[in-house]
Amino acid sequence: MNELLRKDADQIIKEAIEAVLPDEAVVKALKAFTPKDGKVILVAAGKAAWQMCRAAERVIGHIDGGIVITKYGHVMGDIPGVTCYEAGHPVPDENSFIATEKAISMVSGLSQEDTVLFLLSGGGSALFEAPLIPGDELADITKQLLASGADIVEMNTIRKRLSKVKGGKFAKLCYPAKVFGIVLSDIIGDPLDMIASGPAYPDTSTCKEALHIADKYGLKMSEMTRELLKAETPKMLDNIEMHITGSVKELCNAAKNSCERLGYEVVFLTDQLECEASEAGSFMGSILKSNCKAGKKLAFIAGGETVVHIKGSGKGGRNQELALSAARKIAGIKNACVFSIGSDGTDGPTDAAGGYVDSDTAGALKAAGLGIEQMLENNDAYNALKETGGLIITGPTGTNVNDVTVALLK
């Protein structure tokens, strides 16, 4: 492994994540928060829920009840007046359902003088869930969608119709209280009706689209569940005020600034990366291959969210798969590396945020008797990168604004 490049990569990752922590953004958004004379109820859901809630509680001071619903391992301590729950992600579990029912109870029976401060971040589709179908069937459909290669918008179009709270339904449950929402975006283009499946925003997707997605991916479901796909979601809500506080654009800019501080000439590629993870990795590797004789310190940055069509039985996530795929292209190129991370610190069902590869990775894997093609075919990027020291492990970061991929030439 190229230790100098890995050191640069680690610094870029650290500085980029620190720049998009939600504390400052939440405080800024709260300047527009003017509750009425009644109660203030705080509900936070998503991978960044604890961090967002802690920042909000410090600004507001007194609240009349609060709840945090976040991923296992993401609660970092007590918050005054708030009950914290940890639950399943990316597949919802019984704790998701219990915690969400508690949130529903907390906002039931409010008056028009009351306000619900709703803090929402990515991951909420699994964590903030009260299903209209049996939990085991919902988990099975979620797993089918994750394995199919469906993008996040397609997944959420289905999930909205199987839930009591998604697709604007939570805002209706809060009525007549006002919902003041602060949203940390993890979806390209920041569509408020799709982030965490839009619990407090009018839904723009249609039943026709939901049925098409179910047929496109051959989703197996009961007749009762298929009937729910035909039930329309709320298209108008008059008790909401929503504010977006962060996005992948900010993550890419933070990575760019870090690269420049390290002396790299930066080429910003896109913040709209949407394709198969392995294709994105091959693309990033090809860019380094084309520029390897430029005689400059170059950094190429792309943000977005790739997908993985699961074919094998291995372990990994989209960022790890992207990095491993890039290793094929940069083998033998001097002083080249590619790394890709999820800003929340988790990539797929693993303890890694993403993966790092450089010019030596392919050779190291070959020496260990591991073939890149076979590991990719089995979706086993985690174990391949573990063998080469290429796993990037940050732990839960407290934010969630999608993924960033960086390719460096030293």
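Just a few scattered comments:
- What the Cα atoms of region 1-71 give is an Rg and a Dmax of 17.1, 60 Å.
- Over the Cα atoms of region 1-149, the radius of gyration divided by the Kirkwood radius equals 1.06; this is the Rg/Rh ratio.
- Karplus (6.51, -1.76, 1.60) ³J(HN,Hα), θ = phi - 60°, over region 296-304, in Hz, Gly and Pro reported as x: 10, 7, 10, 10, 10, 10, 9, x, x
- For Leu162, net neighbour charge (Lys/Arg +1, Asp/Glu -1) across residues whose Cβ lies under 10 Å away: +3
- For Gln272, distant residues with modelled amide H under 5 Å away: Gly303
- Pairwise inverse Cα distances across region 303-410, averaged and inverted, put the Kirkwood hydrodynamic radius at 13.5 Å.
- Distance histogram in 10 Å bins (all Cα pairs of region 223-344, percent per bin): 11, 32, 27, 16, 9, 4, 0
- Cα-based radius of gyration of region 128-252 once divided by 2.2 N^0.38 Å, which approximates compact folds: 1.06
- Of all accessible heavy-atom area on region 33-172, the percent that carbon and sulfur account for (1.4 Å): 51
- Per-atom-type breakdown for region 267-407 gives carbon and sulfur 49% of the accessible area (1.4 Å probe, protein chains only).
- Nearest-20 debye value, the chain charge dipole, Cβ charges on Lys, Arg, Asp, Glu: 660
- Of Lys160/Lys235; Lys7/Lys289; Lys102/Lys166; Lys293/Lys386; Lys160/Lys208; Lys47/Lys220, those spanning more than 24 Å from alpha-carbon to alpha-carbon: Lys293/Lys386; Lys47/Lys220
- P(r) tail fraction, region 61-180 - alpha-carbon pairs more than 24 Å apart, %: 27
- Annotation: average projected area of region 168-220 is 4.9 square nanometres, based on the convex hull of Cα atoms across all directions.
- Å² of accessible area per residue within the chain, as computed with a 1.4 Å probe and no ligands counted: 39
- In region 48-113, the GluC sites (Glu not before Pro) that fall in loop regions by DSSP, at most 14 other Cβ within 10 Å: Glu113
- DSSP-defined beta bridges in region 1-107 - what % are antiparallel, rounded to 5: 10
- Of all DSSP bridge pairs formed entirely within the chain, close to 40 percent run antiparallel.
- Loop-resident chymotrypsin sites (Phe, Trp or Tyr not before Pro) (DSSP state other than H, G, I, E or B) in region 68-140 with no more than 16 further Cβ atoms inside 10 Å of their Cβ: Tyr72.
- Principal axes of the chain: Cα extent on each, largest first, Å: 66, 48, 32
- Over all distinct Cα-Cα pairs of region 122-201, the Kirkwood formula returns a hydrodynamic radius of 12.9 Å.
The values are calculated or read from the model by the stated rules, or taken from the named source; none is laboratory data. Just so you know, these numbers come straight off a predicted model, no measurement behind them. Positions of Cβ are backbone-derived with ideal geometry, glycine not excepted, and every protein chain shown enters the neighbour counts. The protein model used for the area step is the full one, side chains on, heavy atoms only, and it has no ligands, DNA or RNA in it. Shrake-Rupley method; radii C 1.70, N 1.55, O 1.52, S 1.80 Å.
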